[in-house]
Each structure stands twice: as C-alpha cells, then as structure tokens.
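The numbers here are math on the coordinates, done by the rules we state, and not lab data. For clarity, every value in this text was computed on a predicted model and none was experimentally measured. No Cβ is skipped: glycine too gets one built from the backbone with ideal geometry, and neighbour counts run over all protein chains shown.
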Ligand code: FES
C-alpha cells in the first residue's frame, strides 16, 4: 500500500486529486470513508473533479453519467440522460 494523502487533506464531502504512477486519482470523502476513482470519465475523458457527489455516486459534469463510488459501476439514473436513436428513427432517416 502506498500512502497518497492524509485523510485530513480530503474534507468531508470533498475531493482531492493525487497522482499515482502517472495516473490521476480522485479521492472522495463521504462521512469519513475515502473512495478512489480515476479522475477521467470513461465516456469522453472529462475530469471528474467537478463531478457532483450524491447518494454514493459521482456524476460527470460534462454529460451527467453517474458512477457508484463503491464499485465504479455506471448508475442508471443519469442527471441528463443521453438520447438514443431507436431503430425506427434510423430507418426513418434512411427513407427521408
Ligand atoms: S464525458 Fe463524462 S459523461 Fe460524457
């Protein structure tokens, strides 16, 4: 285990970016539990430092994708859901 920061450096409900082996890691403190995730959104690489922390998730400031802090899984409840193109819309655009 490599210490990267003191707990006192990450305020409650706050964040801190550290560098580990050339990778930016975002530390998040929620009521004394420190979570760590890459500071780069897996969607289009936006920094997660401005992400909103809510109910155990962090949402990307760019498009609103949410990720669970405990396991990094995408959360289905996005703040600004992307629109998906349905098959009917695709076929309609081919006809037009
Ligand atoms: S870059 Fe993060 S949701 Fe798109």
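What Kirkwood hydrodynamic radius, in Å, does the stretch 1-52 give when the mean of 1/r is taken over all pairs of distinct Cα atoms and then inverted? Working shown, then result.
Numbers: mean 1/r = 0.0879 Å⁻¹.
After inverting the mean inverse Cα-Cα distance, the result is 11.4 Å.
The label-point distance for residue 43 and residue 62, in a model that sets each label 7 Å from Cα toward Cβ, rounds to 0.9 nm. Between residue 24 and residue 12, full extension at 0.36 nm per residue minus the direct alpha carbon distance yields a gain of 2.3 nm.
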